[in-house]
Amino acid sequence: MIQIKNISKSFNGVKVIDDVSFTLQAGKTNLIIGESGSGKTTTLKMMIGLHTVDSGQIIYDDVVFTELNEKDKQNFRKDIGMLFQGGALFDSMTIEENIAFPLKMFSNFSDSEIKDRVNFCLGKVRLNDRNNLYPAELSGGMKKRAALARAISSNPKYLFCDEPNSGLDPKTSIIIDELIHELTVEFNMTTVVITHDMNSVVQIGEHVVFLYNGKKWWEGDKNTILTTDNKELLELVYAADFFRKKNPNQNL
Amino acid sequence: MRFLYHIGRYFILMKRALAKPEKFKVYAKQFFFEVDNIGVSSLGLITIISFFMGGVITIQAAYSLTSPLIPLYAIGFTTRESMILEFSPTIISLILAGKVGGNIASEIGSMRISEQIDALEIMGVNSASFLIMPKFLAGIFINPFLIAISMFLGILGGYIMGVATGACSSYEYIFGIQAFFEPWKLSYAFFKTAVFGGIITSVAAYQGYYTEGGALEVGRSSTRAVVYGSILILLANFFITKIVFKH
């Protein structure tokens with residue numbers, strides 16, 4: 001479980017996150033959604049410590065993350081896996097070396113154990129036999145899957161995904177969403193996905209938090225989001241005219 | 001004030017960069033990779049430049065030293081002193097500031113804008129240490145070797161061109177490069193070379209590490225790495241020389 005308690009953040013005097021509180025459920029796929037500029041990525045970066053909070057607390061189970069010093073934060077992050085928007089695979093390493101990197105850095109596994117783990121992770125994301133390719137040799141979807149394999153290689157308790165579908169076609173987006181959900185269930189991780197893709201929300205949104213103008217505007221799940229009467233959320237969900245016409249709530 | 005801000009931030013980054021490694025084996029492998037990347041890959045450039053510069057110094061010395069009172073072995077002596085004291089340590093380091101410094105800044109800057117540095121941090125890796133320490137130590141370690149090779153090739157180039165053009169005889173040149181030799185000058189040259197190696201790598205790494213924005217900013221970081229690296233090399237050269245040559 002991840003508790004966000006009254007966090008705020010300003011950049012150059014402009015408040016981008018304003019007293020936001022919510023709880024992300026353990027072992028589930030939690031989605032933080034919102035328009036561009038609503039503060040989703042800033043919230044995520046505060047959750048993983050890439051930005052500091054101006055006020056408030058972020059609590060992982062029983063650990064108050066925001067009160068840890070830099071060294072303890074660094075240690076704590078070993079329990080976190082992250083899928084970045086662009087994959088963030090290391091260009092100078094092959095896919096196998098990318099996935100093996102956190103294991104070589106922090107585990108006492110032998111080379112053969114690391115190799116087995118790499119192959120296991122590649123199998124999970126259906127990228128078998130791509131071990132020796134470099135990131136530049138992969139398609140966008142394959143890069144995301146390889147990055148996902150790296151994120152789960154050290155068996156993290158928490159998985160963060162920053163817009164995992166950006167730049168992908170709808171079919172590949174569905175594959176990535178399904179993978180994220182499958183891995184969340186299989187490894188019993190607490191997963192947090194930042195997205196504005198409504199397909200993802202409907203497909204894997206076990207718990208959904210909607211941010212609007214730096215504030216928490218709505219909280220629910222993939223079933224309740226379609227029938228909400230929250231005007232701002234409906235505008236996001238039914239952004240396209242086509243869907244707007246199909247919306248049972250005609251007073252948009 | 002901006003100047004002081006950068007100095008402070010540079011030293012804070014270097015403190016992080018020189019922190020105890022998470023895993024010595026991984027860092028050691030990275031160190032040898034950087035020795036190859038920084039050192040071995042620069043050998044071709046250094047060979048060509050040093051050889052021809054040695055030859056040019058010899059020919060210019062022969063042209064300038066026309067007085068019958070100055071013995072011809074002074075040509076070899078001049079070439080040796082120029083190569084050991086200034087050309088190899090300083091000019092080659094300035095050239096490396098362009099080649100190696102630009103390369104390091106663009107490499108780390110690209111990693112910054114493509115979130116690869118964030119990825120390292122999220123894994124629990126001290127990104128400053130992992131990215132900078134091997135480069136910094138490799139720069140300090142390999143630069144004196146490169147400069148030793150440059151000195152040898154420069155003096156060899158002077159010999160071949162001096163003898164081939166008839167500027168001096170083989171005997172006079174070899175006598176000249178041995179004349180009045182003071183070994184401490186080599187220590188001075190290697191010491192300042194090691195300092196320059198540290199400056200080239202750390203300044204470039206600093207510029208790359210704090211890159212913000214996109215491809216344009218990576219280019220700017222790379223340019224700043226070369227400019228500031230070169231200025232700091234010249235400043236360090238001045239102060240080290242002033243301290244060593246007390247008159």
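Electrostatic tally near A:TYR134: other residues with Cβ closer than 13 Å to its Cβ, Lys and Arg +1, Asp and Glu -1, net -2. Under the simplified labelling scheme, the B:TRP184-B:PHE239 pair shows an inter-label distance of 2.2 nm, with each label point 7 Å from Cα along Cα→Cβ.
Taking max minus min of the alpha-carbon positions on each principal axis, the protein assembly as shown gives extents of 106, 51, 44 Å, largest first. Taking 7 Å steps out from each Cα toward its Cβ at A:ASP111 and B:SER41 produces label points 2.4 nm apart.
Mean partner shielding of peptide A:77-83, defined as the number of other chain Cβ atoms within 10 Å of each residue Cβ, is 3. Counting only DSSP beta bridges with both residues in the protein assembly as shown, what percent are antiparallel, rounded to the nearest 5? Rounded to the nearest five, the antiparallel share is 55 percent.
Split chain B at each of the chymotrypsin sites (Phe, Trp or Tyr not before Pro) in a DSSP loop with at most 12 other beta carbon atoms within 10 Å, and the longest piece is B:1-179.
Each part gets one Cα centre, and for segment A:51-86 versus segment B:8-43 those centres are 26 Å apart.
Mean partner shielding of peptide A:149-160, defined as the number of other chain Cβ atoms within 10 Å of each residue Cβ, is 1. Can you figure out the FRET efficiency of B:SER67 with B:THR165, using R₀ = 22 Å and their beta-carbon distance, to the nearest 0.05? Efficiency at R0 = 22 Å is approximately 0.70. With the simple spin-label model, which puts each label point 7 Å out from Cα in the Cβ direction, the B:LEU216 to A:GLU235 separation comes to 3.1 nm. Nearest 0.05, what FRET efficiency do A:ASN128 and B:PHE33 give at R0 = 30 Å with Cβ-Cβ as r? Efficiency at R0 = 30 Å is approximately 0.60.
Computed from the coordinates by the stated procedures, all read-outs in this text should not be read as laboratory data. As the structure is a computational prediction, the values presented were derived from the model and not from experiment. Because the Cβ atoms are built from the backbone with ideal geometry, glycine has one as well, and the counts that use them run over all protein chains shown.
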